[in-house]
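The values are calculated or read from the model by the stated rules, or taken from the named source; none is laboratory data. As the structure is a computational prediction, the values presented were derived from the model and not from experiment. Backbone-built Cβ (ideal geometry, glycine too); neighbour counts: all protein chains shown. These area figures cover heavy atoms from the full protein model, side chains too; ligands, DNA and RNA do not enter into them. Shrake-Rupley method; radii C 1.70, N 1.55, O 1.52, S 1.80 Å.
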Amino acid sequence: MKAYYKGKQAVNHAAHAGALQLDEELLSEGIFTIEPELAFNMATQYMYANLRLDESGNPTEQSFLRERVELLHFEVLDTTLTYPYEYSLSEYGYSTTFNRPAVIIVIRMKYPRIFSSNNPVEWNIIGSSQLVFQ
């Protein structure tokens, strides 16, 4: 469970880092929205650093993981939607309400079992974060 907790924490921090990446051009017009490319780059950078993965998602020698982490889903919800927005990602059994633009991340993480004769434990970990402003 400690491995799951570390993975969940890394995904949550990554989603939050992504949600902080504002589109500066639209911000100059008073529109608060997330810039998708910056959000993706910052989110994956945070996640990979926290899980000690290389730029391809493979574990480094310092990582507690032994298998590649798969980024299954990355999505930025922007200002074209009407908020509050009921969001659903049915293939992963996830739904929530967002009040502002947001970032959603889903990864697949595998962790080896204690006894090598068993398959590794595998989780789909979901994290999301809304745009933060005061």
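Numerical summary
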{"read-out": "Given (1) farther than 25 Å from GLU122 by Cα; (2) open to solvent by 50 Å² or more (accessible area, probe 1.4 Å); (3) of a type outside the set (Gly, Ala, Ser); (4) at pLDDT 95 or above, index of the condition LEU20 fails", "value": "(4)"}
{"read-out": "The listed residue being more than 12 Å from ALA15 (Cβ to Cβ) and open to solvent by less than 70 Å² (accessible area, probe 1.4 Å), out of LEU77, LEU81, LEU131", "value": "LEU81"}
{"read-out": "The range 60-74, subset farther than 14 Å from GLY127 by Cβ and under 17 Å from the mean Cα position of the chain (by Cα), residue least open to solvent (accessible area, probe 1.4 Å)", "value": "GLU70"}
{"read-out": "Qualifying residue in the range 116-127 (condition: within 16 Å of GLY18 (Cα to Cα) and assigned to a helix (DSSP H, G or I))", "value": "no"}
{"read-out": "Options THR44, THR33; residue that is modelled with pLDDT of 95 or more and β-branched (Val, Ile, Thr)", "value": "THR44"}
{"read-out": "Residue satisfying all of: in the range 36-62; in contact with a helix residue (DSSP H, G or I) (Cβ under 6 Å, 6 or more places away or on another chain) and not aromatic (Phe, Trp, Tyr); farthest from ASP23 (Cα to Cα) among these", "value": "LEU51"}
{"read-out": "Residues located in the range 23-55, provided they are of a type in the set (Ser, Thr, Tyr) and open to solvent by less than 60 Å² (accessible area, probe 1.4 Å)", "value": "THR33, THR44, TYR48"}
